[in-house]
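Read the structure below first, then the notes.
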Amino acid sequence: MPDWLIIDDEPTICWGLERMLKSLGHQTATASTAEEGLRKAESRRFDGVLLDVRLPAMDGITAIEHLQQRLGPVPIVVITAFGDLDTAVEALRRGAFEYLVKPFDLKVAESVINRVLPRPAVPATAPTTARPTADSLVGRSSRMQDVFKQIALAAESSAAISICGESGTGKELVARAIHRYSRRSQAPFVTVHLASLNDSLVESALFGHVRGAFTGADESRPGLLEQAHGGTVFLDEMADVPLAVQAKLLRVIEYGEVLPVGGQRPVHVDFRVISATHRQLDELVAAGSFRQDLLFRLNTFAMQLPALRERRDDIPLLVEHFVQLLSGSPGRPTIAAATLAELERRPWYGNVRELRNAVEHALMLARGGAVLPEHLPAPATRPVAESPDLAATIRGGLQTWAQQQWQAGQQPDDLYQRMLELVEPPVLEVAIDQHRGQIAAAARSLGLHRITLRKKIEQYGHPPQSNAS
């Protein structure tokens, strides 16, 4: 029967975790301080530890090493009410298996417990801390806690990382964080903004060139990939790499050799690759505009960053962070409650980048006083330009889906209805969200009668934001 040690100075947390563990058939012991927990670990063999970070004397992060000395490589689950990137990285590096952010649902804790025991603990290594800067990743939502954990895991590895997310979600910040916490942190971090490179110069920029390779090449120059030797190269907007360059880049990643434009001898390079895009590369592979073999090499560990509208709980924290960062004075301007409510309501199509710009705009107008709603810029509108590649991908995907319905020689008799059930709900959801739940307005924009839209809402179970018609 598994035996767990719970170390937390909140009696209600201990009681809840004890009750949950015992319902799973586990034994438990509790302690309100790290010191008390260490004493119990000296006289009793535990199979796992649930450990709070904020404790009265010795903190939980410090206690991890002492617990490992007494118990060996048992799984340790860290509990914190102050989840941030530094906490995640340091906890995992010291040997924690997982961490939970208060308040947490006991069902979440139960799922962690069920995963813990079959896994060996991560060997302890020296901790690394980082001072908060303009590059800090901020968030306490469950979505950002997942991102922090993925960064910590990615930093311990040398695998290629791909980061996908909408514009403004912080893809470069995540890449820099992975590099900063990795064993390559003292070597260069080289950012390559592929979308900004001219097609005729992208090869020279990436791979370098030798003297006389082309008109104007008066001297040999190393490319950005060679400059990243020993460190990390961040390939931003990977979807914009021309197919011809993709083949050459694949060879660099596979063999660790860069052949400069016009050169005869390859140059040995050693770097870690992190790529990013706001587009789905697997869809581009299906459309024939991206190499599948390159995708496999880039996609060893994939990360999906949440849009700001998917983590609205983080908006007050982000606003506070940007005010502190941009005001630069101890007596920071206050954000009126109505202003914060407006910021939490907006859709933020430009994500965290748009939020920062809005806060900076408002601070300039407030001139040191309270930031009011009228100081905010007008909200950005949803981008309306449709990518031809995206339209082609959607058509191709639907065609593939339709062909799959005839698998094993079975001809469906409701294919059209199933197609509608596939494509209609996301379109209806966007229209309803755009009109803030106003059904009549959403119906007009869709070209539907209001009654028809209500029937479809009932059919698909979409919960409108408002019942106003």
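The values are calculated or read from the model by the stated rules, or taken from the named source; none is laboratory data. The shown structure was predicted, so the numbers you read here are calculated from the model rather than taken from an experiment. Methodologically, a virtual Cβ is constructed for each residue, glycine included, from the backbone with ideal geometry; neighbour enumeration extends over all protein chains shown. Accessible surface is based on the protein model in full, side chains and every heavy atom, while ligands, DNA and RNA are left aside. Shrake-Rupley method; radii C 1.70, N 1.55, O 1.52, S 1.80 Å.
Could you identify the single residue in 166, 219, 203 that is without any contact (Cβ under 8 Å) to a residue 24 or more places away in the chain and either assigned to a loop (DSSP other than H, G, I, E, B) or out of contact with any Gly (no Cβ under 6 Å at 6 or more places or on another chain) (or both)?
Numbers: 166 fails: without any contact (Cβ under 8 Å) to a residue 24 or more places away in the chain; 203 fails: without any contact (Cβ under 8 Å) to a residue 24 or more places away in the chain.
The conditions single out 219.
Look through 256, 208, 231, 288 and report the one residue that is free of Cβ contacts under 8 Å to residues at least 12 places away in the same chain and small (Gly, Ala, Ser). Don't jump to the end; show me each part of the working.
Working: 256 fails: free of Cβ contacts under 8 Å to residues at least 12 places away in the same chain; 208 fails: free of Cβ contacts under 8 Å to residues at least 12 places away in the same chain; 231 fails: free of Cβ contacts under 8 Å to residues at least 12 places away in the same chain.
Going through 256, 208, 231, 288 in turn, the sole match is 288.
Which residues, taken from segment 134-145, are within 20 Å of residue 189 (Cβ to Cβ), open to solvent by less than 50 Å² (accessible area, probe 1.4 Å) and either at pLDDT below 70 or of a type in the set (S, T, N, Q) (or both)?
Matches in segment 134-145: 136 only.
Among what's in segment 18-67 and is among the small types (Gly, Ala, Ser) and in a loop (DSSP other than H, G, I, E, B), pick the residue that is modelled with the lowest pLDDT. Walk me through how you get there before you give the answer.
Here is the first cut: in segment 18-67, the ones among the small types (Gly, Ala, Ser) are 23, 25, 29, 31-32, 34, 37, 41, 43, 48, 57, 60, 63.
Going one step further and asking which of them are in a loop (DSSP other than H, G, I, E, B), we end up with 25, 32, 57.
Values: 25: 85, 32: 93, 57: 90.
Result: 25.
Taking segment 24-61, which residues are among the acidic types (Asp, Glu) and either touching a Pro at 6+ places or on another chain (Cβ under 7 Å) or open to solvent by less than 30 Å² (accessible area, probe 1.4 Å) (or both)?
Of everything in segment 24-61, those that are among the acidic types (Asp, Glu) and either touching a Pro at 6+ places or on another chain (Cβ under 7 Å) or open to solvent by less than 30 Å² (accessible area, probe 1.4 Å) (or both) turn out to be 47, 52.
Return yes or no: is residue 196 touching a Pro at 6+ places or on another chain (Cβ under 9 Å) and over 30 Å from residue 93 (Cα atoms)? Full working, then the answer.
Working: touching a Pro at 6+ places or on another chain (Cβ under 9 Å): no; over 30 Å from residue 93 (Cα atoms): yes.
No; evaluated as a whole, the condition is false for this residue.
So the check is Cβ under 9 Å with 6+ separation or different chains; which pairs have a first residue in segment 317-340 that's at pLDDT below 85 and a second one that's surrounded by 15 or more Cβ atoms within 10 Å (Cβ to Cβ) and assigned to a loop (DSSP other than H, G, I, E, B)?
Pairs found: 327/333.
Can you tell me which residue among 78, 89 is under 26 Å from residue 1 (Cα atoms), surrounded by 23 or more Cβ atoms within 10 Å (Cβ to Cβ) and not small (Gly, Ala, Ser)?
78
Is there a residue in segment 315-337 that is in contact with a Cys (Cβ under 7 Å, 6 or more places away or on another chain) and open to solvent by 40 Å² or more (accessible area, probe 1.4 Å)?
No, there is no match, as no residue in segment 315-337 is in contact with a Cys (Cβ under 7 Å, 6 or more places away or on another chain) and open to solvent by 40 Å² or more (accessible area, probe 1.4 Å).
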